[in-house]
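Here, each number is a calculation from the coordinates, and none is a lab measurement. Being a predicted model, the structure only gives us computed values, none of them experimental. Here the Cβ positions follow ideal geometry from the backbone for every residue, glycine too, while neighbour counts run over all protein chains shown.
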Amino acid sequence: MVAPILPLVVDGVVLRRRGRRILGPVSLTIEAGGITVLMGPNGSGKTSLLRAMHGLERLNDGAVRWQAPLDETRARQAFVFQAPIVLRRSVLDNIAYPLVLDGVRRVVARARAAAHAADVGIAGLLDRPAQVLSGGEKQKLALARALMRKPEVLFLDEPCANLDPRATRDIEAILRRAAEAGTKIVMSTHDAGQARRLAAEILFLHEGRVIEAAPADAFFANPQTPEARAHVNGDLLP
């Protein structure tokens, strides 16, 4: 049996750009199960923390530790960006791409991709060029592709930014099903309503630090910091 890659331990992580600290120090542990939501005002460090955990940033200090060797963990996690990345090929071949990279025969990869497309509601778009899809359709494609390998951890940066309510509902339903199937989801959102609907745990960031971490129900019922209370109430933070 393959050992799990979680919990993920973030130990004193610091990121700097042009000499300015944009994140940290941050220390936290991401446990298996449920959906962890990163909240905070623009510029608080949500995206930087997601990227650091996934290994997309060179750390200036601290460490990110998984429970398995790094090369193994890379194949068992995925990241979906706020602006979905699509390849210059059909929707079907976009979704099949991770399996083809793994050496799965193209005909088999495409059959599996078609099934995943049906799961996310884009089965009728398989022959279209991915570049012509709407924003919500591209996000569904990106989610289907990310979930092809059945990752243990899925990171998402504002997955519903700029989407209409219907697309947002569809994306949230996909995320719930993925979490129920055993994928740990760690995502950022600017939408407090979305966090209330999805989160089991909230990490609240301000000025590059996690200043509050709590179960979602407790966080929304009684935020412990003035910054979190202001954010939940819709007030502007300095």
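Could you tell me the extents of segment 114-227's C-alpha atoms along the three principal axes, largest first, rounded to whole Å?
Extents along the principal axes, in whole Å: 51, 28, 23.
Hey, what angle do you get for helix 106-120 against the long axis of the chain, alpha-carbon based, 0 to 90 degrees rounded to 10?
50
Compute the signed sum of charges (Lys and Arg +1, Asp and Glu -1) over the other residues within less than 15 Å, Cβ to Cβ, of R18. Mind dumping the intermediate values first?
Working: positive: R16, R17, R20, R21, R58; negative: E57.
Neighbour charge sum, excluding R18 itself: +4.
How many lysine pairs are close in the chain, with Cα atoms under 19 Å apart and the two 8 or more places apart or on different chains? Walk me through the intermediate numbers first.
Numbers: K46/K184; K140/K150; K140/K184; K150/K184.
Counting lysine pairs in the chain gives 4.
Specify the inter-centroid distance of segment 201-234 and segment 12-81, based on alpha-carbon positions, in whole Å.
18
At R0 = 25 Å, how high is the FRET efficiency between A213 and A115 if r is their beta carbon distance? Nearest 0.05 is fine.
Details: r = 37 Å, r/R0 = 1.47.
Calculated transfer efficiency: 0.10.
Classify segment 1-111: rounded, prolate or oblate, from the alpha-carbon gyration tensor (a ≥ b ≥ c, eigenvalue square roots; a/c under 1.5 rounded; otherwise prolate if a/b is larger than b/c)?
Numbers: a/c = 2.32, a/b = 1.59, b/c = 1.45.
Taking the square roots of the gyration eigenvalues as a ≥ b ≥ c, segment 1-111 is prolate.
Write out the GluC sites (Glu not before Pro) in segment 185-221 meeting two conditions: DSSP loop, and at most 14 other Cβ atoms within 10 Å of their Cβ. Kindly include the intermediate steps, with their values, before the conclusion.
Working: sites: E201, E207, E212; in loops: E207.
Hits after loop and neighbour filter: nothing returned.
Could you identify which residue out of R20, R177, R105 has the top mean-square fluctuation in a GNM of the chain using Cα springs shorter than 10 Å?
Largest GNM mean-square fluctuation: R20.
Could you tell me the convex hull volume per residue, in Å³, taken over the Cα atoms of the chain?
On the way: hull volume 31.9 nm³, N = 238.
Each residue corresponds to 134 Å³ of Cα convex hull volume.
Work out the FRET efficiency for A221 and A200 from their Cβ-Cβ distance, taking R0 = 22 Å, and round it to the nearest 0.05.
Details: r = 14 Å, r/R0 = 0.66.
Approximately 0.95, to the nearest 0.05.
Mean-square fluctuation check for the chain, GNM, Cα pairs under 10 Å: which of Q77, Q194, Q139 is largest?
Top of the fluctuation ranking is Q194.
Nearest 5 percent is fine: what portion of the DSSP beta bridges confined to the chain is antiparallel? Could the numbers behind the result be given before it?
Details: 18 of 35 bridges.
Antiparallel bridges: around 50 percent, rounded to the nearest 5.
Using helices alone, what [θ] at 222 nm do you get for the chain, with -39,500 (n - 2.57) per DSSP H run of 4 or more residues, divided over all residues and rounded to the nearest 500? Write out the running numbers ahead of the final one.
On the way: 9 runs with 89 residues, N = 238.
Value at 222 nm, helices only, nearest 500: -11000 deg cm²/dmol.
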